[in-house]
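What follows is a set of notes on a single structure, which appears directly below.
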Amino acid sequence: MTQPTPPAAAPVVSPLELKLRYQNRLRSGASWFYWIAALSVINSVLLATKSTFNFIFGLAATQIIDALALYVSEDLQLGTVNMLRIVGWVLNLLIVGIFVLFGVFANKRKKWAFIAGMVLYGLDALASLFIWDQPDLLSFAFHLIVVWGLIGGLRAAGKLDQIDAALRQAGVLPVEPPPSAIQPM
């Protein structure tokens, strides 16, 4: 009579290995902010060069500013057109800079950066539906994919906090980080 074989034991994952996995997920989620910023700038450059191509991950807000500047400048004199373009670029760079800052703070495990970025990018997704003559469903769908990636980064930040708390309780990590490890905001 043969005895049934016991089920294979689940592999044991060390807390430090688990921490590395979640740090990678955090960086992956936070990197979306950099992609959003970069592709938005590229979209603005493409529109300025009268290209018909653009990236769907970029911000609808910067595309709206670019389109307004282009539309309003059609009937204006050259000096006014250049000023309008400069104002448009400054507004775009301000918006893009905010997303870069979200990326910086998200990489530092600041949950508010993920949340604020998701809210703004979610509003941007809605703008892609309602601003243009026809809803840009493809852009909206990709905005949702990016938001899902940002949610993954936010979840990873929460898990890393839990892991660090457990490691501090186990004595593996110091209760308070050493002064050299404290990074200014």
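Every read-out reported here was derived from the displayed coordinates using simple, explicitly stated rules and does not represent laboratory data. Quick caveat: nothing in here was measured; it's all calculated off a predicted structure. All Cβ positions, glycine included, derive from the backbone under ideal geometry; neighbour counts span all protein chains shown.
Note on region 27-162: with charges restricted to the Cβ of Lys and Arg (+1) and Asp and Glu (-1), its dipole about the Cα centre is near 840 debye.
Quote the relative contact order of the chain in percent (integer), defining contacts as alpha-carbon pairs under 8 Å separated by 6+ residues.
On the way: 175 pairs, mean separation 54.1, N = 185.
Once normalised by length, the contact order is 29 percent.
The alpha-carbon of residue 19 sits under 29 angstrom from the alpha-carbons of these lysines, leaving out residues fewer than 8 places away in its chain: 108, 110, 111, 159.
Listed by chain and number, the aspartates and glutamates whose alpha-carbon sits under 16 Å from that of residue 50, ignoring those within fewer than 8 places in the same chain, are 66, 74. Judged by the mean number of other Cβ atoms found within 10 Å, the most tightly packed of the peptides 97-106, 30-39 leads the ranking 30-39, 97-106. May I ask you to compute the full-extension gain from residue 87 to residue 131, defined as 0.36 nm times their residue separation minus their alpha-carbon distance, rounded to one decimal in nm? Going from the current span to full extension adds 13.8 nm.
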